[in-house]
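FYI, it's all coordinate maths here, none of it is from the lab. In this text the structure is predicted, and so the values were computed from the model without any measurement. Cβ sites come from the backbone with ideal geometry, for glycine too, and all protein chains shown count toward neighbours.
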Amino acid sequence: MDVARSYHYDRFGDADRAAELHRLQRQATVLLGAELAELQRLGFGLGQRILEVGCGPGFLTGPLSDIAGEAGGVGLDMSSELLAAASAIVAPAHPNVRFVQGNAYATGLQDASFDFLYSRLLYQHLTRPLDALREAARVVRPGGQVCLMDIDDGFLTLYPCPPAFSRLTELALTAQAHNGGDRLVARKLPGLMREAGLTDIRMRGITVSSLELGLGAFLDITTRFKAIQVGSAESMALSNELGALARMPPDQQPFGVVVAFFAVGRRPG
Ligand SMILES: C[S@@+](CC[C@H](N)C(=O)[O-])C[C@H]1O[C@@H](n2cnc3c(N)ncnc32)[C@H](O)[C@@H]1O
């Protein structure tokens, strides 16, 4: 299997695995309502068979398969540990969902077997995003849609911006690129979709800010995990420095905002 170096859950230690699962759940919960509404606005709905590639613990795959109804949903991921969490936590509450192990580059799924394909926060970890997109375009039916939700650290900021934030963002960008990923991936998705032969390409964004989450939770889902990802004494010190900001009186805290981008394209035909 073509293993991602940029994100490999099964290689986290026990404590980090539990924290990461919690972070993924929090990240999914924070956006859930807006994300489901956005996907429906982009054309996903009842009767559309959905595939979520890189589904992780499946916190979105469950609700998406509920919307699809009897058409159902499949979550695919390469991590056996995350799929075990998906089967234990998500599957029991969502009768139309199924989870399978597989790779985004070669899913092993039938040609044209889904109406809608979704990937969230996967493409920032892929070394060969164009190959994964071609595979995505293959498994949706002609006229079906591929939707990628991802971030771009050019659209993540604190204001006023403390040097520790800029430095940790920069270290994570370099570390992820070193491991074959790309924290600036969102701006590249429309061009990649065009190259993969998709048409009717659109892009939209949802903002998530410290106003609705509080600065502590905002930093948890956007920034603190980067200290572990970078894994140096400097990154840990920067993360602690940022943690202190969240304990300041609210009227003295900086404002944080990030954009979750949705790029969508259609298989011609
Ligand atoms: C940041 S996590 C996001 C998980 C989930 N989509 C979410 O938003 O909670 C990235 C996911 O992509 C999966 N992944 C990375 N490379 C993959 C590949 N080549 N094929 C399938 N899954 C992959 C990882 O195992 C992980 O579950």
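Phi angles of the range 84-89 translate, via the Karplus equation with coefficients 6.51, -1.76, 1.60 and θ = phi - 60°, into HN-Hα couplings of 5, 5, 4, 5, 7, 9 Hz per residue; Gly and Pro are given as x. Using the Karplus relation 6.51 cos²θ - 1.76 cosθ + 1.60 with θ = phi - 60°, the per-residue 3J(HN,Hα) values for the range 156-172 come to 10, 8, 10, 9, x, 9, x, x, 4, 5, 4, 5, 5, 4, 5, 4, 5 Hz, with x marking Gly and Pro.
Taking K and R as +1 and D and E as -1, what net charge do the other residues with C-beta under 11 Å from the C-beta of ALA85 add up to? Local charge sum for ALA85: -2. Averaging the sequence gap over all C-alpha pairs within less than 8 Å and six or more residues apart, then dividing by the number of residues, gives the chain a relative contact order of 20 percent. Note on the chain: helix-only mean residue ellipticity at 222 nm, from DSSP H runs of 4+ residues weighted -39500 (n - 2.57) and normalised by residue number, equals -11500 deg cm²/dmol.
Using C-alpha pairs below 8 Å separated by at least 6 residues, the relative contact order for the range 90-153 is 40 percent. 3J(HN,Hα) along the range 32-37: 3, x, 5, 5, 5, 5 Hz, from the Karplus curve 6.51 cos²θ - 1.76 cosθ + 1.60 with θ = phi - 60°, whole Hz, x for Gly and Pro. Neighbours of ILE67, meaning other residues whose beta-carbon lies under 14 angstrom from its beta-carbon, give a summed charge of -4 when Lys and Arg score +1 and Asp and Glu score -1. Restricting the calculation to Cα atoms, every distinct pair contributes to the Kirkwood radius of the range 84-198, found to be 16.2 Å.
Charge dipole of the range 65-121 (Cα centre as origin; +1 on each Lys and Arg Cβ, -1 on each Asp and Glu Cβ, all else neutral): 100 debye, rounded to the nearest 20. Electrostatic tally near PRO268: other residues with Cβ closer than 12 Å to its Cβ, Lys and Arg +1, Asp and Glu -1, net +3. Sorting the Cα pairs of the range 112-269 by distance into bins of 10 Å, from 0 upward, gives 11, 36, 28, 18, 7, 1 percent per bin.
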